[in-house]
Structures are given as C-alpha cells and as structure tokens.
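Just below is one structure, and these are the notes that go with it.
The values are calculated or read from the model by the stated rules, or taken from the named source; none is laboratory data. Given the structure is predicted, the values throughout are model-derived calculations rather than measurements. With ideal geometry, Cβ positions are generated from the backbone for all residues, glycine too; neighbour counts draw on all protein chains shown.
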Amino acid sequence: MVRIQIYHRIYKSRTLGLVKLKSRAALRIYILIIGLTGGIASGKSTAAKLLGTWGAYVIDADKLGHRAYLKDTEAFQQVVTTFGEGVVGDDGEVDRAQLGSKVFGGENRMAELTAIVWPAIRKMAQTEIDSALSEAPDRVVVLEAAVLIEAGWQDIADQVWVVVVEPATAIERAQERDGVEASAVQARIDSQLTNQERTNQADQVIDNSADLQAMEATLQSLWKNLPGASL
C-alpha cells in the first residue's frame with residue numbers, strides 16, 4: 001500500500017493522467033484512476049458498467065454512501081450528535097426516512113450532512129483504490145461518483161470523465177426509467193451542477209445525447225487509448 005501511495009504522488013501529472021515506472025527488471029507499471037461523474041439520467045452508471053466489462057475496477061461511491069454511517073462508525077456518531085437520537089431506528093442503525101425529514105426540514109441541514117458523509121465516503125473510496133492497486137497495479141480504477149466535483153474529489157483521480165446529456169433528454173429518460181413526474185426530475189437537475197460546470201472540470205467529455213451504441217463507441221475510443229487497456 002505504501003508503494004502504491006508513493007506511485008500515486010508521482011503520477012499526478014495531468015498531461016496523460018499517468019506515469020510509466022520501471023523496476024530493476026524493467027517491468028512497466030501503469031496506474032490510472034478515472035473519476036467518472038454526470039448528472040441525473042446522464043448514463044454515467046451505464047458507462048461505468050461498460051468500463052467494468054472491459055477490465056476496469058469500478059468503485060460505486062453511491063454504494064459506499066449507504067455504508068458510510070453504519071452503526072459504530074465515526075460518521076454514525078457524528079450524524080447522531082448533529083441530528084439527534086431520533087434518527088436512530090429500532091435496529092440501532094440510522095433511519096434514512098427520519099434523517100431525511102431532519103435534513104430537508106431545516107436550512108443548511110444538507111450541508112451539515114454532507115460535511116459528515118462526504119469525507120467518510122472519500123476515505124472508504126481511497127481505501128478501496130489502494131487495495132485494488134495493491135492487487136493489480138496496472139489495472140485501471142474507475143470511481144463513479146455523482147458528487148465527484150461537488151465534494152472536491154477530483155484530486156483522487158488522474159483524469160475526470162464527465163458524461164453529459166441535454167436536460168430535456170435527461171428528463172425523458174428519467175421519467176421512463178423511474179416513472180417520476182417531469183417537474184421532479186427538473187427539480188433534481190436544478191439542484192445539481194450544470195453540464196457546463198461539470199465539463200469545465202473534465203479531462204474527457206462523453207456526450208450521451210444519442211443512443212447506447214454511440215456512447216459505447218465513444219468510450220471504446222477513450223478506453224483503447226489508455227495504457228495497458230484492451231477490449
């Protein structure tokens with residue numbers, strides 16, 4: 001793990017997002033961490049799955065978020081201290097419905113929650129990245145995170161890939177996928193970063209306005225140019 005951390009500090013050049021290291025045996029080791037993000041119904045999860053089928057190690061920050069404040073964790077204690085014992089359910093875990101009523105019922109409460117949860121998720125993600133690279137140092141790692149930019153996690157990655165889709169298309173797809181009202185999807189879009197704000201932080205932009213085949217072709221082109229990657 002120490003060796004991987006040393007590599008990570010070395011390869012943080014942003015030209016190609018990688019560095020080539022040579023051991024005494026002239027073994028070439030490539031390390032690349034991709035931060036993958038996008039808005040609601042952008043297709044980022046589909047992109048992550050495709051990259052996973054091609055050999056990337058994919059970390060889903062949303063799934064980490066569900067574990068971030070489990071009982072007996074530091075974040076659990078912070079959540080209970082901040083929002084009160086009433087957010088703890090009969091099973092001793094945080095009751096998400098109760099927590100939600102606290103978060104959405106007061107000014108700045110969401111900021112208080114993310115100040116607790118985002119650092120916990122980042123720590124978990126970094127641990128999983130280190131573990132993945134210790135097992136296979138030349139494997140591409142993808143951190144899929146809707147809040148990658150909002151949380152300031154760009155520095156975890158060597159390249160930031162942003163999946164974008166026009167808002168009208170996102171609304172249509174979200175309605176079809178989730179069966180929700182257009183107004184609800186629009187409210188989510190309005191609460192998130194804009195496509196422009198995301199692409200301003202991107203090393204690569206994947207336009208998913210067309211069909212799945214078009215996005216897959218774009219991803220394949222990017223993937224083939226990564227060192228050590230193959231389809």
Residues of segment 104-125 classified as under 22 Å from the mean Cα position of the chain (by Cα) and farther than 25 Å from Gln154 by Cα, total: 0
Segment 42-57: number of residues that are touching a helix residue (DSSP H, G or I) at 6+ places or on another chain (Cβ under 6 Å) and more than 25 Å from Ile189 (Cα to Cα): 2
Residue ranges of helices (runs of 4 or more DSSP H) in segment 162-215 with at least 3 members farther than 12 Å from Thr37 by Cα: 167-178, 182-191
Counted residues, segment 64-96 - those being on the phi < 0 side of the Ramachandran plot, exposed (fewer than 12 other Cβ atoms within 10 Å of the Cβ) and not hydroxyl-bearing (Ser, Thr, Tyr): 4
Answer from Val165, Val140 - the residue that is closer than 30 Å to Lys224 by Cα, over 15 Å from the mean Cα position of the chain (by Cα) and crowded, with 17+ Cβ neighbours inside 10 Å: Val165
Some residue of segment 210-223 being modelled with pLDDT under 95, out of contact with any strand residue (DSSP E or B) (no Cβ under 9 Å at 6 or more places or on another chain), surrounded by 20 or more Cβ atoms within 10 Å (Cβ to Cβ) and more than 26 Å from Arg122 (Cβ to Cβ): no
Scope segment 162-196; condition closer than 20 Å to Trp118 by Cβ and of a type outside the set (Gly, Ala, Ser); matching residues: Val162, Arg188, Gln192, Leu193
Gln154 surrounded by 13 or more Cβ atoms within 10 Å (Cβ to Cβ), at pLDDT below 95 and out of contact with any Phe, Trp or Tyr (no Cβ under 7 Å at 6 or more places or on another chain): no
Some residue of segment 97-119 being acidic (Asp, Glu), closer than 29 Å to Leu36 by Cβ and surrounded by fewer than 14 Cβ atoms within 10 Å (Cβ to Cβ): no
Flag for Asp155 being under 18 Å from Gly38 (Cβ atoms) and acidic (Asp, Glu): no
